[in-house]
Amino acid sequence: MAGRVTTVVIGAGHAGLAASHFLSERSIDHVVLERGDVANSWRHERWDSLRLLTPNWQSRLPGLPYDGPDPDGYLSMGEVVGLLDRFASMSRAPVQAGTTVTSVRRSGDGYRVVTNQGSLDARTVVVASGACNLPAVPAFAAAVPKEIEQLTPFDYRDPSTLADGGVLVVGASATGVQLAAEIRRSGRPVTLSVGEHVRLPRTYRGRDVLWWMDASGVWDQRHDEIDDLSRARRLPSPQLVGTPERVTLDLNALSAMGVELVGRWAAVRDGRALFSGGLRNVFALADLKMDRLLATFDQWAGTGTEAGPSERFEPTRVPSSPRLQLDLRGGEIRTVLWATGYRPDYSWLDVPVVDEKGRLRHAGGVVGSPGLYALGLPVLRRRRSTFIHGIEDDAREVIAHLAHHLATSP
Amino acid sequence: MTIDNGVNVQALLDARDVLKGAPEAAQFTWRAQSTWSNGVHSQTRIQNFFGLGAEQTHKSEAVFDADHPEVFAAQDNGITPIEYLLVGLAGCLTAGVASVAQNRGIQLRSVEATVEGNHDIRGILGADSDVRNGFNDVRVTFTIDADASKEEIEALVAQSQKRSAVFDALTNPTDVSVTVA
């Protein structure tokens, strides 16, 4: 591989493929470089039982609305891969699979893209390599005694591969609560370490809570209208699970299953895990925030929306005396599962556009280096950007900016 | 109507913006200087601290007597050291409530806090090795009169905890080293 192309898209997930869709629509010649296959992360970096948090009717891509039999269901990983494969072939995306980008740097009027298959020069580059390339694990993981097996969601597939015995799940985002529930159901004792989190009921007033986010306009809020954008972009995923029964999987549900809740894991000292005593307040913050959100739904609905009566949910129950420490050498815990979030990997990006926290600096997907763009990051241009169906407007607008750049720069 | 809780929120927001790009200036060191008086009575003085890249001085020196009550067979020349933790917690959370209220445009009329720390002293006496030395738990109850709904007041108190130095210092472990000079 060598030569020139107008645009290189990095990554053939939903974001890269949507970019390709709009580039083709504008007849801009391009190539989509993909380290593995289309939808690679969905194929290889997710646990077996995972389903999308968003209902099927929201799993729509440019020119590809959901037309299946179960609009209120949630896609399994196999179905997500099928959807992206279909989108790639329908839009005839020029995907070059098995091509890992090792460097992007400025060169002439554009960029030199180096891969394991050779180099390309491009006037513009769209970074669509995802927000969840690497699990984020705190530094004190190194102090966890060696006899305990440590896993991240990238390693975990299903409970049968875990050692018998207790599991300490760290983090109470969607990943943490889903894995805590699944592992508890396998019969293992589960302790869940809970920091700041986002509580949501699966359904509200008879409808999927994400229907309310969509319909009420919460997800339309633009990146330049959000008070604390960097916080909005770092927000943990909401405590939701996609199941046919549309069950709510909040901390009360986990407590009822026998999952023990402890505070945020703060440190390891002398082989003991030390947890924050601030558990009550993270519950209070999440409960108050959920109630404020539900109140905005009620206000938006007024009397004109077809939905059941207003609901308020039981506050998160505080354990009578949450444990502040746990002896990691005592044999109670055999496995630690770090559900402490993910981070993007820009180690290959040799353009100074990454901040000190390792995040790409951009304004609505327009990166501060001419001709460089990003798609598929949380709250990229609006709150909806975090989700699959947010990509259509984002990709259209970012590719329009890119086309304007091509037309106006020498 | 102008909201005025006496907190200069704009200065704090400006400082946040400046310090985002200057983490070295955000490094503070708080200092106390203590001298044994007699028995279990000691006196601690605080005047200087380091911050914003330079030595700083309080307007005046503050002096704190720490002792133990007569039921501890002591002279009670001052409050018990562990009670100073309650002073710190109440002061920090109350400051947080006022600041957050100012930032959210909520006028406060009164803020009262009752702080209680439950303490099983068999720990410090060495009477039962299963009992810890410090508090078993701490309870803070706020009574707040303000132009705000109950939910808004609860959110003030929650946000104050979220940004409190002393709440963090009490609820999370801290590496403490004690050496002999």
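So that you can scan it fast, the table gives a plain yes or no per residue for (1) of a type outside the set (D, E, K, R); (2) over 17 Å from the mean Cα position of the chain (by Cα); (3) modelled with pLDDT of 95 or more:
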| position | (1), (2), (3) |
| --- | --- |
| A:V31 | yes, yes, yes |
| A:D37 | no, yes, yes |
| A:D48 | no, no, yes |
| A:R51 | no, no, yes |
| A:P55 | yes, no, yes |
| A:P62 | yes, yes, yes |
| A:V80 | yes, no, yes |
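Would you say B:N172 is within 12 Å of another protein chain (Cβ to nearest Cβ), free of Cβ contacts under 8 Å to residues at least 40 places away in the same chain and closer than 23 Å to A:S276 by Cα? So B:N172 fits the description; yes. A:V9 meets each of the listed conditions (1) closer than 29 Å to A:L120 by Cβ; (2) under 16 Å from the mean Cα position of the chain (by Cα); (3) at pLDDT 95 or above apart from (2).
Can you list the helices (runs of 4 or more DSSP H) found entirely within the range A:1-113 that contain at least 2 residues being closer than 27 Å to A:G242 by Cα and open to solvent by 20 Å² or more (accessible area, probe 1.4 Å)?
Output list reads A:40-44, A:77-90.
Would it be correct to say that A:V127 is under 20 Å from A:R272 (Cβ atoms), surrounded by 14 or more Cβ atoms within 10 Å (Cβ to Cβ) and not hydroxyl-bearing (S, T, Y)? The answer is no for A:V127. Only residues that are small (G, A, S), in a loop (DSSP other than H, G, I, E, B) and either surrounded by fewer than 17 Cβ atoms within 10 Å (Cβ to Cβ) or not assigned by TED's automatic domain parsing to the domain that holds B:N103 (or both) were counted in the range B:163-181, giving 2. Please verify whether B:E112 is part of a helix (DSSP H, G or I), among the acidic types (D, E), over 24 Å from A:Q325 (Cα atoms) and not assigned by TED's automatic domain parsing to the domain that holds B:F49, treating the condition exactly as stated. It is false that B:E112 is part of a helix (DSSP H, G or I), among the acidic types (D, E), over 24 Å from A:Q325 (Cα atoms) and not assigned by TED's automatic domain parsing to the domain that holds B:F49. Within the range A:389-410, being aliphatic (A, V, I, L, M) and under 18 Å from A:H223 (Cβ atoms) holds for A:I391, A:A395, A:V398, A:I399, A:A400, A:L402. Taken over the range A:355-400, the criterion of being surrounded by fewer than 16 Cβ atoms within 10 Å (Cβ to Cβ) and touching a strand residue (DSSP E or B) at 6+ places or on another chain (Cβ under 8 Å) is satisfied by A:G358, A:R361, A:G368. Here no strands (runs of 3 or more DSSP E) wholly within the range A:260-299 include at least 2 residues being at the interface with another protein chain (Cβ under 10 Å from one of its Cβ atoms) and farther than 28 Å from A:Q325 by Cα.
When B:H119 is tested against the conditions (1) under 20 Å from A:G278 (Cα atoms); (2) more than 13 Å from every other protein chain (Cβ to nearest Cβ); (3) surrounded by 16 or more Cβ atoms within 10 Å (Cβ to Cβ); (4) under 16 Å from the mean Cα position of the chain (by Cα), the lone failure is (4). Kindly check whether there is at least one residue in the range A:238-254 that is within 24 Å of A:D394 (Cα to Cα) and either away from chain B (no Cβ under 14 Å) or open to solvent by 10 Å² or more (accessible area, probe 1.4 Å) (or both). Among the residues of the range A:238-254, at least one is within 24 Å of A:D394 (Cα to Cα) and either away from chain B (no Cβ under 14 Å) or open to solvent by 10 Å² or more (accessible area, probe 1.4 Å) (or both), which makes the answer yes. When B:I106, B:I144 are screened for being of a type in the set (V, I, T) and either touching a residue at least 60 places away in the same chain (Cβ under 8 Å) or surrounded by fewer than 17 Cβ atoms within 10 Å (Cβ to Cβ) (or both), only B:I106 passes. The residues on offer are A:R185, A:R234, and the sole one that is surrounded by fewer than 20 Cβ atoms within 10 Å (Cβ to Cβ) and either in contact with a Pro (Cβ under 7 Å, 6 or more places away or on another chain) or at pLDDT below 95 (or both) is A:R234.
Just one of the listed residues (B:V63, B:V87, B:V18) is without any contact (Cβ under 8 Å) to a residue 24 or more places away in the chain, over 20 Å from B:A169 (Cα atoms) and under 18 Å from the mean Cα position of the chain (by Cα), namely B:V63. Among the numbered conditions (1) out of contact with any helix residue (DSSP H, G or I) (no Cβ under 7 Å at 6 or more places or on another chain); (2) of a type in the set (D, E); (3) without any contact (Cβ under 8 Å) to a residue 12 or more places away in the chain, the only one that B:E24 does not meet is (3).
The values are calculated or read from the model by the stated rules, or taken from the named source; none is laboratory data. This structure is a prediction, so every number in the text was calculated from the model and none was measured. Cβ: placed from backbone, ideal geometry, glycine included. Neighbour counts: every protein chain shown. Quick note on the areas: whole protein, heavy atoms, side chains included, nothing else; ligands and nucleic acids left out. Shrake-Rupley method; radii C 1.70, N 1.55, O 1.52, S 1.80 Å.
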